[in-house]
Amino acid sequence: MEVLVTGGMGYIGSHTCVQMIEAGFTPIIIDNLCNSKFVVLDRIEALTQVRPLFYQGDIRDESFLDHVFSQHNIQAVIHFAGLKAVGESVSQPLAYYDNNVTGSLVLVRAMCKAGVKSIIFSSSATVYGDPERVPITEESPIGATTNPYGRSKFMVEACLSDFFHAQPDWSVTLLRYFNPVGAHPSGTMGEDPNGLPNNLMPFIAQVAVGRREKLSVFGQDYPTVDGTGVRDYIHVMDLADGHLAALNAVGRQAGLHIYNLGTGNGASVLEMVDAFSKACGKSIPYEICPRRPGDIARCWAATAKAEKELGWKATRTIADMTADTWRWQSHHPQGYQSES
Ligand code: NAD
Ligand code: UD1
């Protein structure tokens with residue numbers, strides 16, 4: 001079965017393509033490489049012995065999309081393409097709304113023309129804002145987002161939900177990821193942020209490998225186990241498997257399907273630092289700093305809905321996440337940079 005994967009050269013998309021190929025799907029990748037490297041295609045091929053078809057182009061280019069759809073018998077779309085840096089979204093909101101919202105609308109329009117009626121969209125736990133209660137169920141209120149990136153995810157969710165109500169024969173799946181971390185266990189593929197990492201795990205990994213002096217821990221006065229922020233970190237391979245589960249369980253079933261993809265467990269910043277130290281065999285220097293504006297104290301997923309309806313559950317542990325990240329980072333201190 002041919003599945004269009006937008007943003008398939010990126011962090012989550014590349015790992016998902018590997019798992020898709022292993023499961024017998026044929027991913028067809030579209031990516032403009034604005035945040036990824038061509039060499040990823042070689043890595044997917046090396047792991048699977050299959051070189052996926054790749055079209056370099058932009059999801060906002062409708063004639064490009066029409067061309068790709070016309071060349072294949074695409075049955076479903078997994079839509080990863082978008083911009084994801086929270087801080088950058090504050091300084092460049094138009095770029096975020098254009099890429100994430102307009103891009104998604106252009107994609108759905110092209111799907112309509114091509115008669116492809118199944119889309120799986122990369123949403124985020126950020127749509128829940130600061131949750132009143134944890135674990136966060138799919139019925140928790142959404143929309144109280146604090147930045148343009150989060151609002152763009154909420155807006156695409158709203159557009160796709162409205163669209164589904166007008167076209168109830170479609171399968172629209174919204175997957176709300178918690179905090180994706182980790183790397184392929186081979187150590188050949190992983191996360192490769194541009195510049196200073198915004199997120200915790202890549203920052204710790206770069207400290208461990210000597211690219212950064214120390215970690216800034218943003219706040220130790222939260223009402224949590226040790227005062228630092230608590231999140232639901234999920235291994236990118238589990239996340240990839242979650243997409244396959246969604247594709248198999250609901251991707252061909254008309255409906256609006258909404259799932260959290262998380263582990264159901266929270267870990268604090270200091271717990272992650274400790275786990276990473278064990279994985280790399282070094283201590284991770286850090287200093288306690290003021291809270292980062294917009295951060296919440298704690299957030300983890302209720303996982304029962306995905307378990308029951310998708311038959312999917314995250315299985316990899318924090319020890320797996322840190323060991324796999326370290327394998328990738330220590331073998332590729334500069335990420336994909338020096339290799340494309
Ligand atoms: P990523 O930046 O590694 O991958 C996104 C890919 O999309 C990149 O390869 C980029 O080049 C491509 N892209 C961006 N805009 C494009 C466009 N207009 N046309 C074609 N290609 C384009 O990011 P990721 O971490 O793999 O995230 C994938 C998706 O999951 C994103 O939509 C992101 O917002 C969402 N998400 C990510 C996280 C996270 O922490 N990584 C959490 C929640 C949700
Ligand atoms: C962030 C984004 C969120 C996005 C998610 C993707 C913000 C406010 N939120 O979430 O919209 O969907 O990434 O994964 O940016 N931390 C440090 N030092 C660091 C980096 C992080 O102490 O250098 C702490 C944070 O305060 C937080 C935890 O580590 O408590 C996790 O942070 P991060 O990895 O950035 O993820 P989120 O804040 O959950």
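The values are calculated or read from the model by the stated rules, or taken from the named source; none is laboratory data. Note that the structure is a prediction, hence the values are computed from the model and not measured. Cβ atoms come from the backbone with ideal geometry, glycine included; neighbour counts cover every protein chain shown. For the accessible areas, the whole protein counts, side chains as well, though only heavy atoms, and no ligand, DNA or RNA atoms are used. Shrake-Rupley method; radii C 1.70, N 1.55, O 1.52, S 1.80 Å.
Just a few scattered comments:
- Some residue of the stretch 169-181 being part of a loop (DSSP other than H, G, I, E, B) and surrounded by 23 or more Cβ atoms within 10 Å (Cβ to Cβ): yes
- When residue 224 is tested against (1) over 13 Å from residue 273 (Cβ atoms); (2) open to solvent by 40 Å² or more (accessible area, probe 1.4 Å); (3) away from ligand 1 (no atom under 16 Å from the Cβ), only condition (2) is not met.
- One residue stands out among those in the stretch 48-71 that are in a helix (DSSP H, G or I) and open to solvent by less than 40 Å² (accessible area, probe 1.4 Å): the one that is nearest to residue 106 (Cα to Cα), which is 65.
- For the stretch 81-138, filtering for residues that are in a loop (DSSP other than H, G, I, E, B) and of a type outside the set (A, V, I, L, M) leaves 13.
- Per the listing 248, 194, the residue uniquely within 16 Å of ligand 2 (Cβ to nearest atom), out of contact with any Ser or Thr (no Cβ under 7 Å at 6 or more places or on another chain) and open to solvent by 50 Å² or more (accessible area, probe 1.4 Å) is 194.
- Residue ID - farthest from ligand 2 (Cβ to nearest atom), chosen from residues in the stretch 7-44 that are aliphatic (A, V, I, L, M) and in contact with a His (Cβ under 7 Å, 6 or more places away or on another chain): 28
- Residue in the stretch 203-219 that is within 16 Å of ligand 1 (Cβ to nearest atom), modelled with pLDDT of 95 or more and surrounded by 23 or more Cβ atoms within 10 Å (Cβ to Cβ) present: yes
- Those residues of the stretch 25-45 which are acidic (Asp, Glu) and either within 6 Å of ligand 1 (Cβ to nearest atom) or under 15 Å from residue 194 (Cβ atoms) (or both), in sequence order: 31
- Residue that is surrounded by 15 or more Cβ atoms within 10 Å (Cβ to Cβ) and more than 16 Å from residue 202 (Cβ to Cβ), where the choices are 308, 313, 278: 313
- Residue that is farthest from ligand 2 (Cβ to nearest atom), among those in the stretch 72-114 that are among the aliphatic types (A, V, I, L, M), open to solvent by 40 Å² or more (accessible area, probe 1.4 Å) and touching a residue at least 40 places away in the same chain (Cβ under 8 Å): 114
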